[in-house]
Structures are given as structure tokens and as C-alpha cells.
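**Student:** Take a look at this one; I'll ask things after.
The values are calculated or read from the model by the stated rules, or taken from the named source; none is laboratory data. What you see is a predicted model, and the numbers here were worked out from it, not measured in a lab. Note: ideal-geometry Cβ built from the backbone for every residue, glycine included; neighbour counts use all protein chains shown.
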Amino acid sequence: MILSELPTEVIVEILLCCDVFGVINIGETCKHLHEISCSKSVWISLIIDLKLRGVIDGRLVPQPTQLSLSELVGLAQRVLHGPKSWRPLPGAIELTPEVLRYVSLGPCTARPAYCRLLPDGRHFLLNNDGTLECWEVERNQRVWQSPLSKSGLEILSFALEQNELGVVMIAATCLQAGMFANASRAPRVYVDVSELDLRNLDNIIHTQHQLYPGGFDVLDLTVLAVSGDLVLFHSIVGGFLLIDWRTGTAGFLKAHHRTFKLALGATFMAMLSETRLRFFDTASLRSHLSVVDPDALLDSARIVFLEELRPFLKHRLQSPVAEPTSSTELSTGGLSLELAIYVYPNPLAHGTYRIWLVQSATNGRSPKVSYLHRLSLVYPPQSPSTPPVLYSTQSAPSVVSSGHAAQISFSGHSVAAQRSARVDAAAAASVVDRHHVQGQMELVHLPRAVTPTVALYSGALTYLEYATGKVTIVYYV
């Protein structure tokens with residue numbers, strides 16, 4: 001019996017087990033299945049699932065059952081393409097961002113800091129004068145404070161990952177307060193990994209994993225990403241450092257005479273070097289990590305040359321950027337190359353990732369030109385007999401500004417601060433889509449030269465008002 005011949009209630013139950021792309025694909029097979037897949041009950045279930053998984057901002061969708069079918073579908077389109085007012089109309093040469101509402105929270109801090117909205121939209125993390133805090137948006141109150149501050153440690157950098165159960169993984173680097181003023185002690189950098197279960201705000205479960213309690217002797221460690229039990233750092237001196245926080249093993253990741261960038265997925269690591277893209281299974285990477293001496297991190301950590309490992313997938317970009325003919329050309333010759341890579345799980349299609357790549361190149365006195373690539377990866381494979389699938393979702397890369405690489409949302413949008421020579425000018429920012437169509441946004445109480453952070457899936461902007469210590473969240477239509 002084929003699917004369309006099953007009773008309607010059975011078909012609905014099958015659709016409720018699918019993701020958004022699965023429902024759409026089934027609906028395209030015949031008219032009967034299309035009608036069932038477009039039923040409001042199916043889409044209510046899909047949106048509730050996305051909301052529970054922290055993909056859709058809970059403040060934007062308080063009650064999915066009260067929305068029309070077109071509004072429910074629009075929420076899925078928002079995840080894919082960003083807020084509606086961030087999408088250009090046919091033939092338009094600029095965007096017209098429309099503010100839905102402002103939310104002002106706090107005051108949270110008395111000193112300039114960094115804040116970031118979690119994907120669920122209900123919480124944000126704040127570096128409050130060196131202390132990491134979690135705040136709930138709805139009640140405008142702090143619900144968690146890192147115990148590191150009680151040990152005299154100040155946050156230098158952090159990265160986070162929120163899984164589908166609502167548990168937040170936070171990796172942070174810390175420095176002993178006043179360390180540089182104490183000449184009798186050598187400065188140390190400490191690495192901390194925390195798990196926050198935010199499902200019950202009346203009983204937040206916090207699990208702390210402090211790696212190497214004595215700290216590291218390398219001071220310039222910056223957290224880039226955390227995924228499961230792996231944390232990726234960057235050091236100006238040592239390069240990329242990968243740590244398995246469960247085992248305490250680590251290794252420096254290097255490449256031969258190449259400019260390259262790395263990004264972590266749930267079960268893989270992606271490497272972008274010039275026009276080449278490689279994917280490595282993290283299980284195989286772990287076998288190359290080793291226990292290190294925290295007092296001699298640079299000397300004791302194993303060096304792993306990624307080009308000597310076997311990737312499970314390789315890809316060459318169709319790019320206007322020419323590769324340097326030698327390492328000399330790259331370092332001293334006419335070509336200057338800058339790269340960026342972002343890997344995001346696609347919440348609308350299980351086992352699929354959206355990948356954004358930026359290549360910025362200058363040759364001699366030529367102006368810098370940046371190219372934006374969008375790819376899609378299916379991994380792990382749907383079955384053991386099928387290989388991983390990687391494909392480009394555009395015929396050619398888009399030409400964008402070099403600033404687009406600073407931060408890119410899942411939909412491909414980037415936000416940058418606008419600087420004005422006028423003292424009385426209103427603070428503003430610009431949003432740019434993946435085709436380099438942009439729009440101007442005047443933001444209330446935005447400090448000059450401060451770039452708001454853009455939420456991964458909802459497009460909400462978050463920034464800190466330096467004068468008041470308040471956190472502002474801006475939602476867009």
C-alpha cells in the first residue's frame with residue numbers, strides 16, 4: 001500500500017514524525033497528500049516542535065494555535081530567510097527593515113560588556129564586568145551567575161551551544177582578577193565548561209567542568225566554538241587548539257603554509273583553505289589528541305597537520321578568487337587572502353547543515369573583493385550505503401562587503417554598525433542580505449561604533465546601552 005492510500009489520520013501521524021522539509025516533500029507527491037500536509041494541525045505541531053527545540057523565538061510565538069496557516073508557514077520561512085522586512089521586494093535595490101518592538105532589560109551592568117541572545121529567545125548571556133550571567137527576558141531578571149567570580153576569575157571570552165532539550169553548553173576562558181598587577185605570579189588562563197539546564201527556571205541545574213585547575217601558560221586563548229565535548233580555541237602564538245573537555249586531551253591543528261579557518265559541527269569539523277573545503281569526522285580527530293602539560297602547552301600539545309589526515313569529504317569552490325601559486329605569494333606577494341566559515345544545523349531538515357563561506361582577496365593595489373558562498377551538507381548519511389552529500393545552493397557566489405564575514409546568521413544576513421562624523425547623528429546600523437542588498441536601521445540608545453549581535457534564527461538584534469547598563473533587544477517584522 002502506498003502512502004496516499006492510507007487513512008487520513010494515519011497519514012497525519014506519519015507527517016507529525018517528519019521535519020518541515022519532510023512534510024513539504026511529501027506534500028509535493030500528489031494533490032491528496034498536499035492537502036493533508038497543508039492542514040493547520042500539522043503546521044501547528046511543526047511550529048511547536050521548533051519552539052520547544054529553541055529554534056523559534058518563544059517571545060515571537062506565544063500561542064501557535066492562535067495563528068493562521070499562512071502565519072505558521074511564515075515562521076518557518078523566517079528561519080530560512082530572516083525577518084520578512086529583511087527580504088527585498090522584487091526589483092528593490094534596498095531593504096526596508098521594520099521594527100516590531102523594542103525590549104529594554106536591566107540595568108544589568110555598570111561597565112561595557114558583551115551580551116548574546118540564546119536561540120530560544122527567552123534568555124541571554126551577559127559578560128557583566130568579567131562575570132558570566134544568564135538572564136530571562138520575560139521576567140527581566142538574572143537566573144544564573146557563574147560561580148567563577150567567587151574564585152576571583154574574570155571572563156575573557158565565551159562560546160555557547162544550545163541543544164534541542166534546552167540545555168546550554170558554555171565554554172569560557174578566564175583570567176585571575178588583578179593577575180597582571182601581581183608581579184610575583186605568572187599570569188594563567190583558565191578554561192571552564194558549564195552546562196545549564198534552563199527547562200525549569202525554579203530549579204536550574206548547573207554542571208561545571210573546569211579543565212586543568214592550575215590554568216594554562218598561554219595567555220591569548222580565545223574560544224571560537226563549542227560542540228558537544230569539543231571546544232575550539234584560537235591562539236595567536238599556537239594557532240587553533242582543539243580540546244576534548246571530557247578527557248582533557250588536546251592538540252594544535254595546523255596546515256602547511258596556508259591561510260585556513262575551522263568550524264565545528266555536531267559530528268564533524270570543516271576546514272576552509274583558499275578554495276578548498278575539507279570535512280573531518282570528529283571521532284577520528286579525537287584519536288590524534290593527547291594529554292598536555294598546562295605549564296608548557298605549546299611544547300606538550302600534539303601538532304596535527306590536517307592535510308595529512310583523511311577527510312570524509314572534499315570540495316573545491318567555484319570561486320573567482322585565485323589561489324596563490326606559492327606560500328611566498330600568499331605571505332609576501334601580491335595576494336592577500338582572508339577567510340571565514342560558519343556551519344549551522346538546519347532545524348527544518350534533520351541531519352542537514354547550512355554552510356556560509358566568505359573569501360576576501362586583494363591583489364596589489366586592487367580593492368578588496370569578498371565573495372559569499374552558500375552550501376548544504378547532509379551528514380551523517382541517511383544510510384550506511386550512501387555517502388555524505390554536499391551541494392551548492394547557488395550558481396555563483398555573491399559579491400559582498402568585507403564586513404559581511406564578521407557575523408552571519410543562518411539566513412545569510414549580516415549586521416554592521418554605521419559610523420558618522422556628525423556628533424548629533426543618530427546611532428545606526430545596516431543589515432545586508434546574502435545578495436548584498438542592504439537597509440539602514442536607526443536603533444534607540446545604540447552606542448556609537450557598537451555592532452549589535454544578530455540572533456541565529458530569528459534575526460533579533462541585541463546590544464548593550466553603555467550609558468544605562470541596559471540590554472536592548474530589537475524584534476523585526
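**Student:** Could you tell me whether Thr451 is assigned to a loop (DSSP other than H, G, I, E, B) and modelled with pLDDT of 75 or more? Talk me through it step by step, then tell me what you get.
**Tutor:** Working: assigned to a loop (DSSP other than H, G, I, E, B): yes; modelled with pLDDT of 75 or more: yes.
Considered against the rule, which asks whether it is assigned to a loop (DSSP other than H, G, I, E, B) and modelled with pLDDT of 75 or more, Thr451 comes out as yes.
**Student:** Please find, within segment 242-257, the residue that is nearest to Leu377 (Cα to Cα) out of those that are assigned to a loop (DSSP other than H, G, I, E, B) and not aromatic (Phe, Trp, Tyr). Write out each step before concluding.
**Tutor:** Here is the first cut: in segment 242-257, the residues assigned to a loop (DSSP other than H, G, I, E, B) are 245-248, 255-257.
Keeping just the survivors that are not aromatic (Phe, Trp, Tyr) gives 246-248, 255-257.
Details: Arg246: 27, Thr247: 29, Gly248: 30, Ala255: 23, His256: 26, His257: 27 Å.
Top of the filtered list is Ala255.
**Student:** Which of the residues that make up segment 128-150 are of a type in the set (Val, Ile, Thr), buried (at least 18 other Cβ atoms within 10 Å of the Cβ) and part of a strand (DSSP E or B)? Spell out how you get there, then give the answer.
**Tutor:** At the first step, the residues of segment 128-150 found to be of a type in the set (Val, Ile, Thr) are 131, 137, 143.
Applying the additional criterion that residues be buried (at least 18 other Cβ atoms within 10 Å of the Cβ) yields 131, 137.
Selection gives Thr131 alone.
**Student:** Turning to a different aspect of this structure: For segment 258-308, which strands (runs of 3 or more DSSP E) that fit wholly inside it have 3 or more residues that are surrounded by 20 or more Cβ atoms within 10 Å (Cβ to Cβ)? Quick ask: steps written out before the conclusion?
**Tutor:** On the way: elements: 260-264, 268-273, 276-281, 302-305.
By residue number, 260-264, 268-273, 276-281.
**Student:** Oh, and also: Any residue in segment 462-474 that is in a strand (DSSP E or B), surrounded by fewer than 22 Cβ atoms within 10 Å (Cβ to Cβ) and in contact with an Asp or Glu (Cβ under 8 Å, 6 or more places away or on another chain)?
**Tutor:** Yes: one or more hits.
**Student:** Answer yes or no as to whether Gly91 is small (Gly, Ala, Ser), assigned to a loop (DSSP other than H, G, I, E, B) and more than 24 Å from the chain's Cα centre (by Cα).
**Tutor:** Details: small (Gly, Ala, Ser): yes; assigned to a loop (DSSP other than H, G, I, E, B): yes; more than 24 Å from the chain's Cα centre (by Cα): yes.
Taking the combined requirement at face value, the residue satisfies it.
**Student:** Could I ask something else about it? Within segment 219-237, how many residues are among the hydroxyl-bearing types (Ser, Thr, Tyr), buried (at least 17 other Cβ atoms within 10 Å of the Cβ) and under 17 Å from the mean Cα position of the chain (by Cα)? If you could, list the steps in order and put the result at the bottom.
**Tutor:** Taking segment 219-237 as the starting set, the residues that turn out to be among the hydroxyl-bearing types (Ser, Thr, Tyr) are 222, 227, 235.
Keeping just the survivors that are buried (at least 17 other Cβ atoms within 10 Å of the Cβ) gives 227, 235.
Still in the running and under 17 Å from the mean Cα position of the chain (by Cα): 227.
Selection size over segment 219-237: 1.
**Student:** Take the residues of segment 40-73 that are of a type in the set (Gly, Ala, Ser) and surrounded by 14 or more Cβ atoms within 10 Å (Cβ to Cβ): which is modelled with the highest pLDDT?
**Tutor:** Step one: of segment 40-73, the residues of a type in the set (Gly, Ala, Ser) are 41, 45, 54, 58, 68, 70.
Going one step further and asking which of them are surrounded by 14 or more Cβ atoms within 10 Å (Cβ to Cβ), we end up with 45, 54, 58.
Numbers: Ser45: 96, Gly54: 86, Gly58: 81.
Result: Ser45.
**Student:** Could you please give the count of residues in segment 445-477 that are farther than 19 Å from Asp57 by Cβ, touching a strand residue (DSSP E or B) at 6+ places or on another chain (Cβ under 7 Å) and of a type outside the set (A, V, I, L, M, F, W, C)?
**Tutor:** The number of residues fulfilling the criteria is 4.
**Student:** Oh, and also: Where in segment 152-227 are the strands (runs of 3 or more DSSP E), entirely inside, with at least 2 residues that are at pLDDT 90 or above and closer than 22 Å to Pro347 by Cα?
**Tutor:** Per the criteria, 153-162, 167-176, 189-197, 222-227.
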